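The values are calculated or read from the model by the stated rules, or taken from the named source; none is laboratory data. This structure is a prediction, so every number in the text was calculated from the model and none was measured. With ideal geometry, Cβ positions are generated from the backbone for all residues, glycine too; neighbour counts draw on all protein chains shown. Heads up: the accessible areas ignore ligands, DNA and RNA and are worked out on the full protein's heavy atoms, side chains in. Shrake-Rupley method; radii C 1.70, N 1.55, O 1.52, S 1.80 Å.
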Amino acid sequence: QEEEKWDFVLVSDIHEVGSEKEIKRKRFLDELSKKGFTIKKIEDKKLFYGVRAPEQIFRKYQWLLRNPDSRLQAPDTHQDVPVTTRIRLVNFILQNTVTPDLEKLHDLMKKNVFEATFPLHEEEEIREFLKEKWARWREIFCLQPIEAIRCYFGEKVALYFAWLGWYTYLLGIAAVAGLVVFVAGITVFNSSQVSKEICEASTTIMCPLCDQQCPFWLLSDTCTYAKVTHMIDNEGTVLFAMFMAIWATVFLELWKRQRATVVTDWDLYRWDEEEEELAMELINNLQHKPRRYQHSYFRSTIILLLVLVVIAVLIGIAHALVIYRVVATALFTQSSFEFLHEQANTMAVMTGAVLHYITIVIMTKVNRRVALYLCDLEKPRTFSQRENNFTVKIFTFQFFTNFSSLIYIAFFLGRINGHPGNYVRVAGKWRLEECHPSGCITDLFIQMAIIMLLKQTISNMMEYLCPWMRYKLRKQQQHLNERRTMLGEEEEAEDPCKRQWLSNYQLCEVNVFSLFDEFLEMVIQYSFTTIFVAAFPLAPLLAFCNNLFEIRLDAIKMMRLRRRMVPRKANDIGIWLQVLEAIGILAVIGNGLVIAITSDFIPVQVYKYTYSPCMRENSTDVDCSTGYINHSLSVFRIQDFEPYTKVPEMLPDFARDEVKECRYRDYRNADDYSYTVQFWHIFAARLAFLILFEHVALCVKLIAAWYVPDVPQSVKNTFRERKHRNLRKELSMMEYSTEV
């Protein structure tokens, strides 16, 4: 006999007869029976109810949502409903069936009347194909079978993997460009005039980096750091930042074309989500009244204020990380370990980055709860509207969680710390950090490298290992139960459904946000890959390698470790497209600011073309940046230290009275420590470059968006031919009927 097919399984604990939970469960199942559902009960350690919807429901669905192009067909020509549509429709009816107590399935699950509901992973051909050709590590460099994914998981999941595959494919180009820029930086490791000057400055005495036991130090001590800085901060970085702004636009425009082609093949290009939702409501309940669109300015204002409060808290956390680094630098400097003492600044930045990663992990969970609470306050009309509202909020919170600390390092570090004799202090005690004389960009590089590497190793391992461990533990428990049963009396012949339902129940549960989490992870990664890429040219390469694994990791989780997702219909990636476009604009602004403010590119150019030896003498054999370091350091008289600051230790080679002044990174006059003319020159040049870079990059983005049409001509031609064919058929039918 053919194996029975069940659309959904409901799982419940075995409740006492006559208890409130048992009565509620019975009432819900009675409502389903009234709608013509077939229900099968299997008892094990839990109660399992298989439900199968009557065929009439699917006939109604097909009739209401038949393709306008096929309305000419006779109403009795039935085609089989795809499994994904069956599951989606049954899930909708289950979620919207109301008991006499006015409770829905969601309320019953909150009250533990039901423990779980899920569609089944069927032992069908397509599942075996996906397990073999998609959910395997050895297929890592192969194309994904998007059509098969769609047939098994529905359009929304298929579009996610189509987008992820396309993004990874184009990341390959950005990764190669980033690698070339980085390798080019390594080749000039020793040849930079600026880092040569730092390495040779063995008589330049620098002001102490902290008040507590910090000695004066020689500029040449930081020779390696200066070389590393120049490896990242060079002319190639500027070109790469411009390239990435264009890449982000071209990627999105090409994705729009790709998506148009894919959904046209699926016959979903002009699909109307609202019509589908109304049709399902009517199939579930013919007396259903549609919910009206509503908007409350008062509620929106309250939610906006609450969102601003959350953002303020997230910025506060970034401030806490800044204070940690300030205090850590002071403590490391006083350490008895020589390595910690010498590398106090770098160690503070690195431990700060690890701490930042930990706050990201914790705040991701908090942000989700807050965003869900705010969505509930908004009372969205439909599930997709709720999902859109949630997406915007959680992305905003995650953006500030991930980037507040990076924004501080990029644009504020070393610019708001005052100067010797008049430092800005935290709680009147600890001095704010300073930048290295060769710039702050290395700090940003270290922070981004650590966060990206930790996110891509630890987070991915946890993402895979947690469901894998849960799955193995449940299986182990099941084996133990089976062995106990075998040791006892012989059991009657087992129902074939029981094994299948139990094996599906043992898999890890999925929720409505399972796919959402994958999208969010990728979009945050896309932000890292584009927004501060000027400081970290290896970001696209790391993202590319991560995504090759991510695709197979997600596939294995969905096919082998998790219960089957409820398929959702979609014809695009939804509001994520607007989020990605917003990131594209932020990338232009972010990279423009990194080059103009964080990088030393502008001060070096101003020096070359205004103050350098090349401008003063007509000497062609001199490097134009000769003397830049001396020019960028200001002089401080030691007698002007704050009264309560103990004058620090001298270097062993210098007598105490010999040193009258020290140098620090800034453009200030030696007499009254006011800003010099050079400072204002550089400030104006930074501003001019920022405006020019952003306008040019945005113009290029607009030209690229115009140059690459959103919809390929082949898609437009397909629709035109289809319309022509239908009109022709209708006309010929009309002529035939008048002749008869």
Taking Asn284 as meeting all but one of (1) modelled with pLDDT under 85; (2) polar (S, T, N, Q); (3) more than 30 Å from Glu378 (Cβ to Cβ); (4) surrounded by 15 or more Cβ atoms within 10 Å (Cβ to Cβ), write down the number of the exception. (3)
So how many residues does the stretch 363-395 have that are of a type in the set (Phe, Trp, Tyr) and either under 20 Å from the mean Cα position of the chain (by Cα) or at positive phi (or both)? 2
Close pairs from the stretch 205-233: first at positive phi and part of a loop (DSSP other than H, G, I, E, B), partner buried (at least 19 other Cβ atoms within 10 Å of the Cβ) and hydroxyl-bearing (Ser, Thr, Tyr), Cβ under 9 Å, at least 6 apart: Gln213/Thr333
Sole miss for Glu123 among (1) in contact (Cβ under 8 Å) with a residue 12 or more places away in the chain; (2) open to solvent by 10 Å² or more (accessible area, probe 1.4 Å); (3) not in a loop (DSSP other than H, G, I, E, B) is condition (3)
Condition first: farther than 21 Å from Arg270 by Cα, without any contact (Cβ under 8 Å) to a residue 12 or more places away in the chain, in a helix (DSSP H, G or I) and open to solvent by less than 70 Å² (accessible area, probe 1.4 Å). Can you find one or more residues in the stretch 720-736 that meet it? yes
Is it the case, given these coordinates, that Phe636 is open to solvent by 20 Å² or more (accessible area, probe 1.4 Å) and of a type in the set (Phe, Trp, Tyr)? no
Qualifying residue in the stretch 571-579 (condition: buried (at least 17 other Cβ atoms within 10 Å of the Cβ), assigned to a helix (DSSP H, G or I) and outside the structural domain of Leu89 (by the TED database)): yes
Only one of Ala684, Ala705 is surrounded by fewer than 17 Cβ atoms within 10 Å (Cβ to Cβ) and either not in a helix (DSSP H, G or I) or not basic (Lys, Arg) (or both), namely Ala684
Can you confirm whether Tyr675 is closer than 26 Å to Cys214 by Cβ, at pLDDT 90 or above and touching a helix residue (DSSP H, G or I) at 6+ places or on another chain (Cβ under 7 Å)? no
Would you mind finding the one in Phe532, Phe519, Phe513 that is in contact with a helix residue (DSSP H, G or I) (Cβ under 9 Å, 6 or more places away or on another chain) and at pLDDT 90 or above? Phe519
What are the pairs, 6+ residues apart or on separate chains, where a residue within the stretch 362-385 that is in contact (Cβ under 8 Å) with a residue 24 or more places away in the chain and of a type in the set (Val, Ile, Thr) has its Cβ under 9 Å from a residue that is open to solvent by 30 Å² or more (accessible area, probe 1.4 Å) and in a helix (DSSP H, G or I)? Val370/Leu306; Thr382/Glu273; Thr382/Glu274; Thr382/Glu277
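Select, from Met452, Met448, the only residue that is touching a helix residue (DSSP H, G or I) at 6+ places or on another chain (Cβ under 6 Å) and either crowded, with 19+ Cβ neighbours inside 10 Å or free of Cβ contacts under 8 Å to residues at least 40 places away in the same chain (or both).
Step by step, each of Met452, Met448 is checked, and only Met452 is touching a helix residue (DSSP H, G or I) at 6+ places or on another chain (Cβ under 6 Å) and either crowded, with 19+ Cβ neighbours inside 10 Å or free of Cβ contacts under 8 Å to residues at least 40 places away in the same chain (or both).
Got a sec? Which of Asp44, Asp80 is farther than 16 Å from Val9 by Cβ and at pLDDT below 90?
Checking each option against the conditions leaves just Asp80.
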Picking from Val533, Val523, the residue that is open to solvent by less than 30 Å² (accessible area, probe 1.4 Å) and in a helix (DSSP H, G or I) would be Val523
Given the criteria out of contact with any strand residue (DSSP E or B) (no Cβ under 9 Å at 6 or more places or on another chain) and among the polar types (S, T, N, Q), does Thr117 qualify? no
Residue match in the stretch 163-185 (condition: within 21 Å of Asp623 (Cα to Cα) and open to solvent by 10 Å² or more (accessible area, probe 1.4 Å)): yes
All positions within the stretch 34-53 that are more than 24 Å from Gln478 (Cβ to Cβ) and surrounded by fewer than 12 Cβ atoms within 10 Å (Cβ to Cβ): Lys34
Filtered residues of the stretch 242-272 (kept if closer than 27 Å to Asn389 by Cβ, more than 26 Å from the chain's Cα centre (by Cα) and open to solvent by 40 Å² or more (accessible area, probe 1.4 Å)): Tyr269, Arg270, Trp271, Asp272
Can you confirm whether Tyr324 is in contact (Cβ under 8 Å) with a residue 24 or more places away in the chain, assigned to a helix (DSSP H, G or I) and under 16 Å from the mean Cα position of the chain (by Cα)? no
